[in-house]
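Asker: This is the structure I have questions about; it appears just below.
The values are calculated or read from the model by the stated rules, or taken from the named source; none is laboratory data. This is a predicted model, so every value here is computed, not measured. Cβ placement follows ideal geometry from the backbone for every residue including glycine, while neighbour counts extend to all protein chains displayed. Heads up: the accessible areas ignore ligands, DNA and RNA and are worked out on the full protein's heavy atoms, side chains in. Shrake-Rupley method; radii C 1.70, N 1.55, O 1.52, S 1.80 Å.
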Amino acid sequence: DLAVTVITAFLWLVSTFAWAKALADIKVSTGASMIPGIESCKAPGTTCRFASVTSMGTLNVSVVFGLLNMVLWSGNIWLLYKDTNL
């Protein structure tokens, strides 16, 4: 049980960091800073503007819950370690 819990907690931590990095990349890729890089916006007489921002609050919450879940798994590791005769 201890080894499986350690592996699960580690994989949960890695996947949470991967999801947080992907979310940061999504925010950068869909932000207003992308407008100057769009070829059609560089054409003479063309005006491009950033109209709206989609709320990403639920995605931020998913990262926080992923980290909290990893904390719970780490707590389980401690409890399993205390109950294991090593």
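Asker: Compute the helix-to-body angle for 57-83: its Cα long axis versus the longest principal axis of the chain, expressed 0 to 90° and rounded to tens.
Answerer: Between helix and principal axis, roughly 10 degrees.
Asker: OK, next. Can you give the Rg and Dmax of region 1-53 based on its C-alpha atoms, in angstrom?
Answerer: That works out to 19.9, 66 Å for Rg and Dmax.
Asker: Mind checking the angle between helix 2-29 and the chain's longest principal axis? C-alpha axes, 0 to 90 degrees, to the nearest 10.
Answerer: 10
Asker: Same structure again: At 1.4 Å probe size, with the rest of the protein present, what percent of the exposed accessible area of the chain is carbon and sulfur atoms?
Answerer: It is 69 percent, rounded to a whole number.
Asker: Here is a follow-up. In the chain, with Lys and Arg counted as +1 and Asp and Glu as -1 at Cβ, which of these residues, Trp12, Asn76, Met56, has the Cα nearest the positive end of the dipole, that is, farthest along it?
Answerer: Of the candidates, Met56 comes out farthest on the positive side.
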